[in-house]
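Notes to accompany the following structure.
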Amino acid sequence: MEKDFLEIIKTRRSCRSYKPEQITDKELTTVLEAGTYAPTSRGMQSPYIVAVQNEEQKARLAAMNARVMGTTSNPYYHAPTYVLVFTPANANNPIQDGSCVLENMMLAAHSLGLGSCWIHREREMFSTPEGQELMVQWGLPEGLVGIGALALGYPAEAAPSAKPRKEDYYRIVK
């Protein structure tokens, strides 16, 4: 493993405070492309990725997610871009496939100097009639479930240092 890549892994942190300016199209495309190279069960490439930068749709998504969470705050931390990941409900490993996509995109974002935060509750959001309506509007096939999302943008503040790793995190058996 290249030292630079290991450093990206070690220094990536969840970002919960974003600058208001939108990321560039090139940055967004790079992050999305990284997601498309995530490993998937049987190489089926079952996930679908939707990036949302439209202010009205972002407000709608934030309200939907907040309802599930039981709050009125913006669960996406007012990031300029939301990236949602879906998989077919009947895929071999939908959660694992979608999770790999999200992780690839978080690492790519960090390598570009962008901040990201994994957001939950998309499964609940997109099982509603309102969520189903949005998926149709976005041209997604039927039968998908929400796996997760990323808040994505330029960090408004420096990321904290990593917490120390626990001593017994892994074992080597020979």
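The values are calculated or read from the model by the stated rules, or taken from the named source; none is laboratory data. Nothing here was measured: the structure is a model prediction, and the numbers come from that model. Counting neighbours? That spans all protein chains shown, and the Cβs are built from the backbone with ideal geometry, glycine included. With ligands, DNA and RNA removed, areas are computed over all heavy atoms of the protein, side chains included. Shrake-Rupley method; radii C 1.70, N 1.55, O 1.52, S 1.80 Å.
Yes/no matrix, rows are residues, columns are (1) modelled with pLDDT under 95; (2) closer than 22 Å to residue 133 by Cα; (3) not basic (Lys, Arg):
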residue	(1), (2), (3)
4	yes, no, yes
19	no, no, no
27	no, no, yes
33	no, no, yes
38	no, no, yes
49	no, yes, yes
55	no, yes, yes
74	no, yes, yes
110	no, no, yes
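In the range 148-165 there is at least one residue matching the filter, namely being under 20 Å from the mean Cα position of the chain (by Cα) and within 15 Å of residue 88 (Cα to Cα).
Summed over the range 13-48, the residues that are closer than 20 Å to residue 153 by Cα and open to solvent by less than 50 Å² (accessible area, probe 1.4 Å) give a count of 11.
Residue 149 meets all of the listed conditions (1) in contact (Cβ under 8 Å) with a residue 60 or more places away in the chain; (2) part of a loop (DSSP other than H, G, I, E, B) but one, namely (2).
For the range 113-146, which residues satisfy the criterion of being polar (S, T, N, Q) and without any contact (Cβ under 8 Å) to a residue 24 or more places away in the chain? Those that are polar (S, T, N, Q) and without any contact (Cβ under 8 Å) to a residue 24 or more places away in the chain: 127, 132, 137.
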